[in-house]
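Okay, structure first, notes after.
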Amino acid sequence: MRASAIELFSLSSLLSLQNTGGRERGIGILFDGNNFERLMGGLFVTIRISLLSAALSLPLGILFGMLMTRRNPLTKALSRIYLDFIRIMPQLVLLFLVYFGTARAFALSLSGELSAVIVFVLWGTAELGDLVRGALVSIPRIQYESAAALGLTPLQTAFFIIIPQTVRRLIPLAINLVTRMVKTSSLVVLIGVVEVLKTGQQIIDANRFRYPTAALPIYGVIFLLYFLVCWPISLFAGCLEKRWRD
Amino acid sequence: MDFSFIRRFAPMYFDAARLTLGIAALGILFSVLIGALCSVTEYYKLPILRRIASAYVELSRNTPLLVQLFFLYFGLPKLGIRMSSALCGVVGLSFLGGAYMTESFRAGLEAVEGVQREAALSLGLTPLQSMGYVIFPQALALSVPSLVANVIFLIKETSVFSAIALADLMYVAKDLIGLYYQTEEALFMLVLSYLVLLLPISILGTLLERRLRYAGFGD
């Protein structure tokens, strides 16, 4: 009872406009100095990492997906192990493995950002590869056979028959993967990359005395920023999926 | 590889894994409840609640758990809402998981044919009974594969809890690296712990999926 009464009191004192003793509170911190530009700069680091990783995973993922449809048992087993390992490990564990592990095992000092890109490319390749495999497998054999019966060469079959059918299924899923990458790239703060969360922390710490309650608006805004980046992409993917369903 | 080191610190990993599992279990339980509620709300197209549910799903699915946790753990205390890191973990995981579970249940509910609902109503079941006895059980069987995928996803997501000072597996590994520089051993144990936690669930999920494929009606 008492604890909740105290909380209620502090809540009411926060919301009411009483003498704050020279301290400012509220949303003003966002536009104090160049704080907003700094936050956007941090967000840009996040987006740069995820877009770079997505761009690199795209060709690699397609290659990996085609590799997984091969009948060779060795390729099958190896790609299966790779996919399952990447899938089962939390991305943060992968980041730790690359960031701390390579330093120790190969005496390589990778920057946080480079380790992040490596991990996200490994992860994106696996995930996209599985999507590509699923799309390729779902094309009925009769499509290949009819193309061959019509006299198309294998290359023509791929370009005119198979790829157009898989692409429609793939693009929405690949776009969703990009939003997942943006969201996952928030983890890089834990291996020391200065991105949007870290910038937010710096702003909060630097203004500890002038804005004692800065954590609320800053983290609230970062939450919103992520939402504003990811939501349009998700909506777009959803739209494409709906339009191409048939 | 220094095995005496591993033997010495294995209990720490064990405790951390227990903590991770405990929080994950609570979070998953609440996520399933939230998911079931929200998806049923959307299924029946309840006027205002449906809007709230879909806004919640969009908000939670398009933001990272780490940012949600930072807001809960560092932001909300400024409003006088103080939570322990364990409680924050459970709340954050339920907030995130609820949205993903909603999507799974929704897909399952949509896959149940409308004739089932009509048949149940024509047999004289009330709408609540027809949902509870006829529609939801079928939807549940249909959404099991994605539910299992969500469970694995949520357990993996618990790895960010170290950022709000919960002594989970990541936290222990980072601690040991910092204290003893035994990086290989600490990371090896970390990977091993997650494999031990997640591999059985993944295999169990595949088996369950195979079994429940017979639960479908007709085809």
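The values are calculated or read from the model by the stated rules, or taken from the named source; none is laboratory data. Because the structure is a prediction, the values reported are computed rather than measured. FYI the Cβ positions are ideal-geometry reconstructions off the backbone, even for glycines, and counts take in every protein chain you see.
Screening the range B:104-219 for helices (runs of 4 or more DSSP H) wholly inside it with 3 or more residues that are within 13 Å of chain A (Cβ to nearest Cβ) returns the ranges B:136-157, B:169-180, B:183-212. Screening the candidates A:Ala116, A:Ala105 for the property of being in contact with an Asp or Glu (Cβ under 8 Å, 6 or more places away or on another chain) and within 19 Å of B:Ile177 (Cβ to Cβ) yields one hit, A:Ala105.
Looking across A:Phe36, A:Phe44, one residue alone is free of Cβ contacts under 8 Å to residues at least 60 places away in the same chain, closer than 18 Å to A:Ser186 by Cα, of a type in the set (Phe, Trp, Tyr) and assigned to a helix (DSSP H, G or I). It is A:Phe44.
Looking across the range A:225-239 at every residue that is among the hydrophobic types (A, V, I, L, M, F, W, C), loosely packed, with under 15 Cβ neighbours inside 10 Å and within 11 Å of another protein chain (Cβ to nearest Cβ), the one that is nearest to the chain's Cα centre (by Cα) is identified as A:Leu228.
Which residues, counting only those in the range A:59-74, are of a type outside the set (A, V, I, L, M) and either within 14 Å of chain B (Cβ to nearest Cβ) or surrounded by fewer than 13 Cβ atoms within 10 Å (Cβ to Cβ) (or both)?
Residues satisfying the conditions are A:Pro59, A:Arg70, A:Arg71, A:Asn72, A:Pro73.
In the range A:132-153, how many are in a helix (DSSP H, G or I) and either away from every other protein chain (no Cβ under 14 Å) or of a type in the set (Asp, Glu) (or both)? Counting residues in the range A:132-153 that are in a helix (DSSP H, G or I) and either away from every other protein chain (no Cβ under 14 Å) or of a type in the set (Asp, Glu) (or both) gives 14. Take the residues in the range B:63-96 that are assigned to a helix (DSSP H, G or I) and of a type in the set (S, T, N, Q); name whichever of them is modelled with the highest pLDDT. Of everything passing the filter in the range B:63-96, B:Ser94 is modelled with the highest pLDDT.
If you go through the range A:99-122 one residue at a time, do you hit one that is in a helix (DSSP H, G or I) and in contact with a Gly (Cβ under 8 Å, 6 or more places away or on another chain)?
Taking every residue of the range A:99-122 in turn, at least one turns out to be in a helix (DSSP H, G or I) and in contact with a Gly (Cβ under 8 Å, 6 or more places away or on another chain).
Taking the criterion of being closer than 13 Å to B:Phe74 by Cα and either at pLDDT 90 or above or part of a helix (DSSP H, G or I) (or both), the residues of the range A:206-220 that qualify are A:Ala215, A:Leu216, A:Pro217, A:Ile218, A:Tyr219, A:Gly220. Go through the range A:75-111 and report how many residues are at the interface with another protein chain (Cβ under 9 Å from one of its Cβ atoms) and more than 29 Å from B:Leu154 (Cβ to Cβ). The qualifying residues number 3. Got at least one residue in the range B:27-39 being within 14 Å of another protein chain (Cβ to nearest Cβ) and either out of contact with any helix residue (DSSP H, G or I) (no Cβ under 9 Å at 6 or more places or on another chain) or more than 18 Å from B:Phe161 (Cα to Cα) (or both)? No, because not a single residue in the range B:27-39 is within 14 Å of another protein chain (Cβ to nearest Cβ) and either out of contact with any helix residue (DSSP H, G or I) (no Cβ under 9 Å at 6 or more places or on another chain) or more than 18 Å from B:Phe161 (Cα to Cα) (or both).
Would you say A:Leu128 is away from every other protein chain (no Cβ under 14 Å), in contact with a helix residue (DSSP H, G or I) (Cβ under 9 Å, 6 or more places away or on another chain) and surrounded by 22 or more Cβ atoms within 10 Å (Cβ to Cβ)?
So A:Leu128 passes the test.
Conditions (1) more than 17 Å from the chain's Cα centre (by Cα); (2) under 30 Å from A:Gly101 (Cα atoms); (3) surrounded by fewer than 21 Cβ atoms within 10 Å (Cβ to Cβ), marked per residue:
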{"position": "A:Gly134", "(1), (2), (3)": "yes, no, yes"}
{"position": "A:Leu155", "(1), (2), (3)": "yes, no, yes"}
{"position": "A:Phe159", "(1), (2), (3)": "yes, no, yes"}
{"position": "A:Val167", "(1), (2), (3)": "yes, no, yes"}
{"position": "A:Val188", "(1), (2), (3)": "no, yes, no"}
{"position": "A:Leu197", "(1), (2), (3)": "no, yes, no"}
{"position": "A:Ile204", "(1), (2), (3)": "yes, no, no"}
{"position": "A:Glu241", "(1), (2), (3)": "yes, no, yes"}
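Applying the criterion of being within 13 Å of another protein chain (Cβ to nearest Cβ) and among the charged types (D, E, K, R) to the residues of the range A:171-214, the residue that is farthest from A:Val117 (Cα to Cα) is A:Arg208. Picking from residues in the range B:68-95 that are in contact with a Ser or Thr (Cβ under 6 Å, 6 or more places away or on another chain) and within 10 Å of chain A (Cβ to nearest Cβ), the one that is surrounded by the most Cβ atoms within 10 Å (Cβ to Cβ) is B:Lys78.
Here the condition is being within 25 Å of A:Val182 (Cβ to Cβ), touching a Gly at 6+ places or on another chain (Cβ under 6 Å) and in a helix (DSSP H, G or I); of A:Phe85, A:Phe96, A:Phe64, it holds for A:Phe64 alone.
Counting only residues that are free of Cβ contacts under 8 Å to residues at least 40 places away in the same chain and in contact with a Cys (Cβ under 6 Å, 6 or more places away or on another chain), the range A:180-222 holds 0 of them. Taking the criterion of being surrounded by fewer than 22 Cβ atoms within 10 Å (Cβ to Cβ) and in contact with a Ser or Thr (Cβ under 8 Å, 6 or more places away or on another chain), the residues of the range B:155-167 that qualify are B:Ile164, B:Ala165.
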